[in-house]
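Read the structure below first, then the notes.
The values are calculated or read from the model by the stated rules, or taken from the named source; none is laboratory data. Everything quoted here is computed from the prediction, not taken from an experiment. Note: ideal-geometry Cβ built from the backbone for every residue, glycine included; neighbour counts use all protein chains shown. In case anyone asks, the SASA skips ligands and DNA or RNA and just uses the protein heavy atoms, side chains included. Shrake-Rupley method; radii C 1.70, N 1.55, O 1.52, S 1.80 Å.
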Amino acid sequence: MSVAAHAGHAPGGVQAELLRWSPSLRIGMALLALIVAAGVFAPWLTPYDPLRQDYGAALLPPGAAHWFGTDSLGRDIFTRALFAIRTDLVIGFWTTYLPMLVGVLLGAWAGLKRGLFDAVLMRVIDTALAFPFLVLIIVILAILGPGTQNIYIAVFLVGWTMYARLARAEMLVEAGKDYVLAARTLGYPAWRILLRHALPNIVNSSIVFSMSDFVLNILLVSGLSFLGLGVPPPVPEWGAMVAEGKDFMQQAWWISTLPGFMIVLTGVALALVGDGLTHRLGDRHVTGH
């Protein structure tokens, strides 16, 4: 097929794929794209500095000049909410997909090879999952101290275990199928069987799970900031903004409510994407495309 002919088929392929998306996936992706774009173009969407304090404009209610009002230090809440997208989504992304990458590889390898490595890995996972997730995170942060870098470390040390258990369970099913047995008979090394043959068939469930995990990690970061263990001030972060407004709920409800609305909106977008991916990836598995 010529390059021109291939190029002519590409848009149709993209359009056909979009038509297969469920309404929830379309709405979720559109909403998530809008949120991401708002974070990327935040400096051009508002005239205010997210860190600049103006005590003369403190605790102003939402209006034409300040769409989300101002906080106790006179900072524009709409501006800080937009810049907080960069903080929360970046932290949510890395605390979700780095543990996913490591956990899926370790779990899949354990399910394929079994033996001592599998036994040791499962005992480590069982020990980690025996404790509440949030309690372990708080304990680790109490040792390491608050801060963005330590949040990455704390979530990674715990988060990979869930993906490893899921991937191992999927691999135990795939390991008995004909294509894996044929690959072993042909003498393919284990890493090739894992990466080229089995992994594409087991990663879908982890991708779907990662969307809900993404939401939970954003809520986790917000909760840690609320407790004073998260992103240090004055960096804009939704949870920290909610915490800042807890002492002004009677006279300035907007300080906590509107950043909280951003958390809910992002959670809804990711939940819709996760629901849509569940159906779309399921259809791909059934139809083979």
| Number of positions in region 170-187 that are within 15 Å of Gly107 (Cβ to Cβ), in a helix (DSSP H, G or I) and open to solvent by less than 70 Å² (accessible area, probe 1.4 Å) | 4
| field | Among (1) without any contact (Cβ under 8 Å) to a residue 40 or more places away in the chain; (2) part of a helix (DSSP H, G or I); (3) among the aliphatic types (A, V, I, L, M); (4) buried (at least 16 other Cβ atoms within 10 Å of the Cβ), the one test that Ile125 misses | value | (1)
| Taking region 242-275 as the search range and keeping residues that are outside any helix (DSSP H, G or I) and of a type in the set (Gly, Ala, Ser), which one is nearest to Gly223 (Cα to Cα)? | Gly245
| message | Looking at Leu141 and the list (1) open to solvent by 70 Å² or more (accessible area, probe 1.4 Å); (2) hydrophobic (A, V, I, L, M, F, W, C); (3) within 25 Å of Ile218 (Cα to Cα), which single condition is not satisfied? | response | (1)
| message | Any residue that is in a helix (DSSP H, G or I), out of contact with any helix residue (DSSP H, G or I) (no Cβ under 6 Å at 6 or more places or on another chain), within 24 Å of Val36 (Cα to Cα) and at pLDDT 90 or above - is there at least one of those in region 188-211? | response | yes
| query | Is at least one residue of region 69-77 touching a residue at least 40 places away in the same chain (Cβ under 8 Å), surrounded by 20 or more Cβ atoms within 10 Å (Cβ to Cβ) and not in a helix (DSSP H, G or I)? | reply | yes
| Which residues, taken from region 48-68, are open to solvent by less than 60 Å² (accessible area, probe 1.4 Å) and not in a loop (DSSP other than H, G, I, E, B)? | Ala57
| request: Kindly check whether there is at least one residue in region 145-167 that is open to solvent by less than 40 Å² (accessible area, probe 1.4 Å), farther than 30 Å from Phe226 by Cβ, not in a helix (DSSP H, G or I) and not polar (S, T, N, Q). | output: no
| said: Tell me yes or no: at least one residue of region 25-47 is surrounded by fewer than 17 Cβ atoms within 10 Å (Cβ to Cβ), basic (Lys, Arg) and within 24 Å of the chain's Cα centre (by Cα). | reply: yes
| Residue list for region 215-241, restricted to those being over 15 Å from Ala81 (Cβ atoms), open to solvent by less than 10 Å² (accessible area, probe 1.4 Å) and assigned to a loop (DSSP other than H, G, I, E, B) | Gly230
